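Step one of this worksheet: look at the structure below.
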Amino acid sequence: MTAQGEQAAPQWGSFTGDQVAALTRGTSFLAEPRERDCPACGRRAVRAYLNAPPQARRPTLVSYVWCSACHRFVGTRAAHPAGIVVSDPLAVLSAEQRRELEGSLVGFLTHLDRLWDSGVLPQTFTAAV
Ligand SMILES: [Zn+2]
């Protein structure tokens, strides 16, 4: 027993390799941008944010995937599927604000989680004509 009382903030940690593999099964987030089951805690609370960095040499999609319930996360990079346009709710930020936000991964994930709670995320994915 500890006498710490309430914790100020939940600890963030990485998904294990098996959990990441479980996350990649099933429909892709691009096709169905909604919460899915967490392979770690079992709650339907896994969320994602995808970003196409403009400075990437090849069309790339960086994805941030996290569980809102148990605060595990994983970041991945993949080729940007041709013809898919990714909206970016963070485009309102200046380059400096964005750099600052992304400077702390935990801070960034906390920010994304709040955006999801307020309905800004999930973003939309549309086929370019
Ligand atoms: Zn979880």
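The values are calculated or read from the model by the stated rules, or taken from the named source; none is laboratory data. Quick caveat: nothing in here was measured; it's all calculated off a predicted structure. With ideal geometry, Cβ positions are generated from the backbone for all residues, glycine too; neighbour counts draw on all protein chains shown.
Quick one: count up the residues across the range 91-109 that are touching a residue at least 12 places away in the same chain (Cβ under 8 Å) and not aliphatic (A, V, I, L, M).
Matching residues across the range 91-109 total 1.
Looking at the range 57-72, can you tell me whether even one residue there is closer than 17 Å to F125 by Cα, out of contact with any Gly (no Cβ under 8 Å at 6 or more places or on another chain) and touching a residue at least 40 places away in the same chain (Cβ under 8 Å)?
Taking every residue of the range 57-72 in turn, none turns out to be closer than 17 Å to F125 by Cα, out of contact with any Gly (no Cβ under 8 Å at 6 or more places or on another chain) and touching a residue at least 40 places away in the same chain (Cβ under 8 Å).
Taking strands (runs of 3 or more DSSP E) that do not extend beyond the range 25-129, which have at least 2 residues that are within 16 Å of the ligand (Cβ to nearest atom) and crowded, with 16+ Cβ neighbours inside 10 Å?
On the way: elements: 44-51, 60-67, 72-79, 84-86, 125-127.
Qualifying strands (runs of 3 or more DSSP E): 44-51, 60-67, 72-79.
Of the numbered conditions (1) modelled with pLDDT of 95 or more; (2) over 13 Å from G13 (Cβ atoms), A79 satisfies every one except a single condition; which is it?
(1)
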